[in-house]
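Here's the structure we're looking at; comments come further down.
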Amino acid sequence: MTVILDGKTLRNKLLDELKVKIDKSNIKPGLSVILVGDDPASKIYVDNKKKTAEKLGIRSEVITYCANVEEGVILDKIQELNKDDTVHAILVQLPLPKHIDKEKIINAISPEKDVDCFTTENYGKLAAGLEPAVYPCTPKGILLLLDEYGIDLDGKHVVVVGRSNLVGKPMSLMALRRNATVTTCHSHTKNLASITKTADVLISAVGEVLIEEDMINENIVVVDVGISRDKNGKIRGDVDFETVCGKTSYISPVPGGVGPMTIASLMLNTYELFEKLLKRSR
Ligand code: NAP
């Protein structure tokens, strides 16, 4: 029987626990999110993050700039946030407009306040097997979800489809840390199905429907990170859920799987950075 990896329920549980901790604290964690341009999807994501943070008692602000803002204005703002003792976590919502140097902006964030493990310092630590300030939100959320259902990656063949810096690559690195044997696939991978068929755990982070029933073996675990919309505007994942579901032992739905876990991780990471910065200031 297939078990649904229920990200919503786990998110609620983790955030309820986090709220108790925040309620007990006199000083409140602070999260600042920078949003550039008017991409509607980014705006929805940022609004959700702000709403969730506020419910928890995290001091949250969204700093918005129009798409043609000068790079220097954002860099100055980040320096100000780095110095602000009430801000413990900084997130730059991606994508950024083309005229802005993404690497420069990201690396302006103090690694101690880098809430999604974006900076080269934290990312490098992750790749080198060292401890970054916090782990990247989406892969962290996926591991929390797998842990909740007792799915151990040790010795398993984990196939990650997608190699972006945001999801696929850090996911592969974090699965390696859990002693999985990892294969990372991407748009140049030949005969994807021959690889996905050998997976014990398949994690797909692409953004289009590409995982069909004949690409997987029975009883595997499927984690669907992808988000896209069908022709009626309905949200869907990378996995053809209807046909694939029955073949799996565990599967995460879209929506309601990885998405809520990413938000939960962002809040957990904000709190982790807050605790670390407070300890350091004592
Ligand atoms: P991205 O930067 O566009 O990366 C997509 C990856 O998929 C790339 O590595 C690309 O390969 C690979 N790819 C594209 N077509 C492929 C194909 N036919 N076969 C195999 N691989 C293919 O996207 P992202 O930021 O990683 O996000 C991936 C998806 O996850 C998106 O739908 C995004 O909306 C979603 N997402 C969800 C959450 C959540 O919380 N649920 C969080 C973040 C992202 P190349 O590198 O060769 O181009």
Count - residues of region 221-244 that are away from the ligand (no atom under 11 Å from the Cβ), of a type outside the set (Gly, Ala, Ser) and loosely packed, with under 11 Cβ neighbours inside 10 Å = 5
Tell me, yes or no, whether region 75-83 has at least one residue that is open to solvent by less than 20 Å² (accessible area, probe 1.4 Å), in contact with a strand residue (DSSP E or B) (Cβ under 9 Å, 6 or more places away or on another chain) and not in a helix (DSSP H, G or I).
-> no
Only one of Glu208, Glu218 is more than 14 Å from the ligand (Cβ to nearest atom), open to solvent by 20 Å² or more (accessible area, probe 1.4 Å) and either within 19 Å of Val182 (Cβ to Cβ) or of a type in the set (Asp, Glu) (or both); which?
-> Glu218
Candidates Thr262, Thr270, Thr248, filtered to the one that is under 18 Å from the mean Cα position of the chain (by Cα) and open to solvent by less than 20 Å² (accessible area, probe 1.4 Å) = Thr270
Considering only residues that are of a type in the set (D, E, K, R) and within 24 Å of the chain's Cα centre (by Cα), look in region 170-205 and name the one that is surrounded by the fewest Cβ atoms within 10 Å (Cβ to Cβ).
-> Arg177
Taking region 102-128 as the search range and keeping residues that are touching a residue at least 24 places away in the same chain (Cβ under 8 Å) and open to solvent by 50 Å² or more (accessible area, probe 1.4 Å), which one is farthest from Asn165 (Cα to Cα)?
-> Glu112
Considering only region 84-130, how many residues are assigned to a loop (DSSP other than H, G, I, E, B), under 22 Å from Lys43 (Cα atoms) and of a type in the set (Asp, Glu)?
-> 2
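The values are calculated or read from the model by the stated rules, or taken from the named source; none is laboratory data. No experiment lies behind these values; they were computed from the predicted model shown. Reconstructed Cβ throughout: ideal geometry from the backbone, glycine too, with neighbour counts over all protein chains shown. Quick note on the areas: whole protein, heavy atoms, side chains included, nothing else; ligands and nucleic acids left out. Shrake-Rupley method; radii C 1.70, N 1.55, O 1.52, S 1.80 Å.
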